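Scroll down for the structure; my scribbles are underneath it.
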Amino acid sequence: MTLGFDTSAAHCAAALLSGGKLLASRQEDMAKGQAERLMPLIEEMLAGAGVSWRDLKLIGVGTGPGNFTGIRISVAAARGLALSLGVPAIGVGATEALAYGIARPCRIVIPGKRDMAIWQDFGAGESGPQQCPLQELPPGPPVTQPVVGIAEGIARIALERAQTPQPRPAPIYLRPADAAPPRDSGPVILP
């Protein structure tokens, strides 16, 4: 059994595969609250499919780019689950998950906040994910709509990658965090 999940945008999504067959898929749109909802959503999906945590053999997780906190929620959950269940966790980028099963060349565009877009071209001249204002997308292959949900794409790509050693899942960030370290120096610690 392969579990795939993602909280990199304003959603909480999960999918469950048995071999190559999709057993269950859930996605709930939410602006916040993914940290509180992710595990119950996965638990409900597993129970509905008659599967327990111990049946899982592989975890696929969305690594972004996307919402800074959302990406950290998924990656931390995947690492914790992988450690506790003794199974591998494989990170999958959001754009590549959404491009799963689409003929190449194609472009995936994920609309973001403040009229920004995350996009990636697949096929000839591939590069990593990029970010720019939605109205300023450069010329390239046609923008294509996904044929599978993000969690299903993550699970399917993780299953394909499981045949070779993979690094631990790590977030994909396109820009630095909005938070900045404090300007004041920390307190003086006396001996």
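The values are calculated or read from the model by the stated rules, or taken from the named source; none is laboratory data. The structure presented is a predicted model; accordingly, all values stated were derived computationally and were not measured. Glycine gets a Cβ as well: all are built from the backbone with ideal geometry, and neighbour counts include every protein chain shown.
For the range 123-137, a residue qualifies if it is part of a loop (DSSP other than H, G, I, E, B) and either out of contact with any strand residue (DSSP E or B) (no Cβ under 8 Å at 6 or more places or on another chain) or under 17 Å from Val92 (Cα atoms) (or both), and the qualifying residues are Ala124, Gly125, Glu126, Ser127, Gly128, Pro129. The residues listed here are Gly60, Gly140; of these, the one that is in a loop (DSSP other than H, G, I, E, B) and not polar (S, T, N, Q) is Gly140. Would you confirm whether any residue within the range 115-122 is farther than 14 Å from Gly140 by Cβ, without any contact (Cβ under 8 Å) to a residue 40 or more places away in the chain and assigned to a loop (DSSP other than H, G, I, E, B)? Within the range 115-122 (the criterion being farther than 14 Å from Gly140 by Cβ, without any contact (Cβ under 8 Å) to a residue 40 or more places away in the chain and assigned to a loop (DSSP other than H, G, I, E, B)), the answer is no, since none of the residues qualifies.
In the set (1) over 25 Å from Asp55 (Cα atoms); (2) under 15 Å from the mean Cα position of the chain (by Cα); (3) among the acidic types (Asp, Glu), the condition left unmet by Glu136 is number (2).
Return the residues of the range 1-36 that are assigned to a loop (DSSP other than H, G, I, E, B) and either among the hydroxyl-bearing types (Ser, Thr, Tyr) or surrounded by fewer than 19 Cβ atoms within 10 Å (Cβ to Cβ) (or both); say none if nothing qualifies.
Thr7, Ser8, Ala10, Gly19, Gly20, Met30, Ala31, Lys32, Gly33
Filtered by the rule that a residue be under 27 Å from Pro105 (Cα atoms) and part of a helix (DSSP H, G or I), the range 72-95 gives Ala94, Thr95. Return yes when Met39 is surrounded by fewer than 17 Cβ atoms within 10 Å (Cβ to Cβ), modelled with pLDDT of 95 or more and of a type in the set (A, V, I, L, M) and no when it is not. Considered against the rule, which asks whether it is surrounded by fewer than 17 Cβ atoms within 10 Å (Cβ to Cβ), modelled with pLDDT of 95 or more and of a type in the set (A, V, I, L, M), Met39 comes out as yes. Looking at the structure I just gave you, is Ile108 touching a helix residue (DSSP H, G or I) at 6+ places or on another chain (Cβ under 6 Å) and touching a residue at least 24 places away in the same chain (Cβ under 8 Å)? The answer is yes for Ile108. Filtered by the rule that a residue be touching a helix residue (DSSP H, G or I) at 6+ places or on another chain (Cβ under 8 Å) and closer than 13 Å to Pro169 by Cβ, the range 56-80 gives Leu58, Ile59, Gly60, Val61, Gly62, Thr63, Gly64, Ile73, Ser74, Ala77.
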